[in-house]
Structure formats: C-alpha cells, structure tokens
Amino acid sequence: MAAKIVLLVQSTQNNPDHLYIVGYPIFEVTATGELKLAEDQAKHGLVARIKLSSAGVVYTIHFENDRMQQIKLKNVSQADANPTGLSISNLLAAYHYQLPNQLTQLSDFQEDFSKVFSHVTTLTSIPKHYIVIDCEFGPFFRKHFVNGSFQWQPTKINGADATVFQLAALSYVAGTQTTVFFNHYLDFPSFLPERKLAALDATQLALATFERQAEPLTVLKKFIAQVLVPQLPLVFWDQAYDLRSLRWLIAQYYQKLTASEQATVNQPLTVFDGEQYTNLVINRSNKHALTTTHDLPLNGVAGLLNIINPQQHNALWDAQTTHHVIHKMAIIQAATPEILTLPQPVKPAIHKAEQIDGQETKHQLVRRLRTAGKTYREIASRAGISISGVNYILKKTSQAVG
C-alpha cells in the first residue's frame, strides 16, 4: 500500500529546494534554511495529499485545485509520514525549518483544518438511508479607505476567498423524505451587505432575530447536532467544493466547539457524489468508462430527466433536486438497456394487389374503394391496375348511372 506522506522536500539543481506540507502552499527553502512562499508555484494552491507509488519510485503531489505533480524518488531529499502525529510546527522544527511569520495564524488554522473530516470514504452505489447536503456561497470582501471614501475589495481568509452562505440538508430512506430538515443562512462578517439583505428577504426575519439565528457558530452547532451526529452517509451533487468549504468553515470555528462537537467533526465521513454517479451511468457503455468525465450541472441533468426545479441555486431546493436526480438515475441504471444493432438498408415496400372476393368483380372493388374515399393512385395499387384503368372504370360506371 502506498505511503501517505505529510512532508516532502524536493531537491533541485541551481534552484532553491521546494518543501511540500499537506494543507499548505508550496515553500521555497532559502540558502539560510528559512522558508518562504514559492510565488511562482502559487497557482497550484494548497497541498491536499502526498503519496509514494507502490513501486516506490515516484511521489505524487495532489493539490486542492485538482492539479497534480510527480517527483522522482532521486529528487527527494526528505519525506516524512509523521507516524507520531507531531504538530506541523514541531515536525518542521525536527528538520530545522520554521514557518514564515505571516503564516503563523494559517498554521494554527491548518492544524484544525487537518482534523476535520480527515478520513472520507466515497461510495459508488446509492446508500439506502442518507442525508443530501447543498451549499450556496458568499465571497469575502474587506472595506478599504480609498480616495476619501470606503470601498469593498475581494479578500482571502486563511486561504479561502468565500464560504457557505446558505446550508441545507434533507434526509431520505428508500426514496422517502424523513426527519432531517435543515435550512439556514449564515451571516459571516466578511460578506457584502447585499448578502445579508438577500438572506433577510429569503427568511422574512427581523434583523435582530436573523443576526442571532444566522451567527455562523450557532448554525454550525445546529448542523453538527442535526446532520453530523446521526453519522449517515452524506450525499452531494459535487462533493469537492462543498465538502472543502464545510471543512474550512468548521476549522474556522473549531476552537469554539465543545469537545463532543470536535469529536463529531473528527469522525470518519462517508459520502456519495451524485455527479460522479451520473458520470458512471453515462459512461457505462464505454470501453474505458472511468477515463471520461463530464462537468455536469445539477439542474441541467434534472431538465434532461424531466425534473423541474422552480428555485435553482437555492440550497434547499437544490438538495431536493439532487435526491430526485440520483433516484431517477438509479432507475435508469437498473433498467435493461436497449443495445443497438448494425443499421441495415431499408427495402422499398411492395404493395400486393388486393385479393378480390369471388363474388366481387374488379369493377366493384374499384367502385367500393372510391366510395371509401381512396385516391386513384391508392385504388390502382390495391386493385393491381393502372391509374388510367381506374379512371376508365369509374368513368364507365358514372355513364351507366347517368
């Protein structure tokens, strides 16, 4: 089994060494042994995990923005799986490294972040009893005094540029909704005022009541008690961003949680990803089903399945939509597929002359078909005669009647 590494140092010729730590951006090791952020590597974001291949010859660095980098064993001077569970600060100190001063606060945050949902198992089949979760987000801003007036500018907090604005959860058993019903807005201090106004409009609460109920720590405590304590599998449409955002939010308030609440968020988590599941169903006829992935919008897939969500991009409505989509996708997956065969050329249809009753002459057949409203061409085809022959018979009949 491949080793899970926490710290790795990459040696490079004629360039500063790079140091990788799970939960942190990439660092450069200066000539004096100090660490500084590798600005030319900032696009990679935070390190999510470090793994050594089963053959023991290549390390793979996975980043939280889904980037990936491979480093050959010969180019690695240090690697540590931290088997004794040292804090990052103590682990770095063992190698005579120290985080830059500006990352001291981030270090404390990352310590908490690493504890939240530290072990996640992703299911490949829909669980019988589950809780669907959906999030809507609000970006971070801070107020600056520029040219004599205050202006709002985008900002980051502990590496994130946004957090959860609306959080909703609904539980289901075998397709039927059950007791978990969670729908709360968060009044995060770094949101724009417009976010609060939108939440006030949605909840129809008085300002003081909203601010009390939407205080992030208050919402998190309710979320832990109502959604996480049951320890049911959590279903997302796309777990990647939602789950990472929830981890960030919990880590932000981790030190204010009770010991029991901390123990709950540190528990292993089981999740099911609706988008990944839909990809599996879409690709089931492909020879290489797992090599093709599609970025599937929830409400777009719902529309294809004839499911209409009247309130798109509302966490509560989208959670319900996720349930109905995966429920219908399961029906599609279980149904016997129509396997197509090689198309063949179509031969033109040959119309046989209609059999004439022994008691009915061809003239009588022509007159009967004409009375039934058939065209000359249809009569000719069914009687086995030419159109001119049909005209002759009908004309003769008309003369006889006259």
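The values are calculated or read from the model by the stated rules, or taken from the named source; none is laboratory data. Since the model is a prediction, treat every value here as computed from it, not as a measurement. Neighbour counts run over all protein chains shown; Cβ positions are idealised from the backbone, glycine included. Please note that ligands, DNA and RNA were not included when accessible areas were found on the heavy atoms of the full protein model with its side chains. Shrake-Rupley method; radii C 1.70, N 1.55, O 1.52, S 1.80 Å.
Structural remarks
- Test set (1) surrounded by 12 or more Cβ atoms within 10 Å (Cβ to Cβ); (2) at negative phi - residue 39 fails condition number: (1)
- Every residue from the stretch 42-52 that is more than 24 Å from the chain's Cα centre (by Cα) and open to solvent by 40 Å² or more (accessible area, probe 1.4 Å): 42, 51
- In the stretch 223-238, of all residues being of a type outside the set (A, V, I, L, M, F, W, C) and out of contact with any helix residue (DSSP H, G or I) (no Cβ under 8 Å at 6 or more places or on another chain), the one that is least open to solvent (accessible area, probe 1.4 Å) corresponds to 233.
- The set of residues in the stretch 13-36 that are surrounded by fewer than 13 Cβ atoms within 10 Å (Cβ to Cβ) and β-branched (Val, Ile, Thr) comprises 30, 32.
- Filter pass, residue 48 being over 22 Å from residue 117 (Cα atoms) and not β-branched (Val, Ile, Thr): no
- Single match in 200, 220, 280 (criterion: open to solvent by less than 50 Å² (accessible area, probe 1.4 Å) and in contact (Cβ under 8 Å) with a residue 12 or more places away in the chain): 220
- Screening residue 270 against (1) modelled with pLDDT under 95; (2) surrounded by fewer than 18 Cβ atoms within 10 Å (Cβ to Cβ); (3) out of contact with any helix residue (DSSP H, G or I) (no Cβ under 8 Å at 6 or more places or on another chain); (4) not aromatic (Phe, Trp, Tyr) leaves a single unmet condition, (1).
- Of all residues making up the stretch 255-267, the number that are surrounded by fewer than 21 Cβ atoms within 10 Å (Cβ to Cβ) and either touching a residue at least 24 places away in the same chain (Cβ under 8 Å) or not in a helix (DSSP H, G or I) (or both): 9
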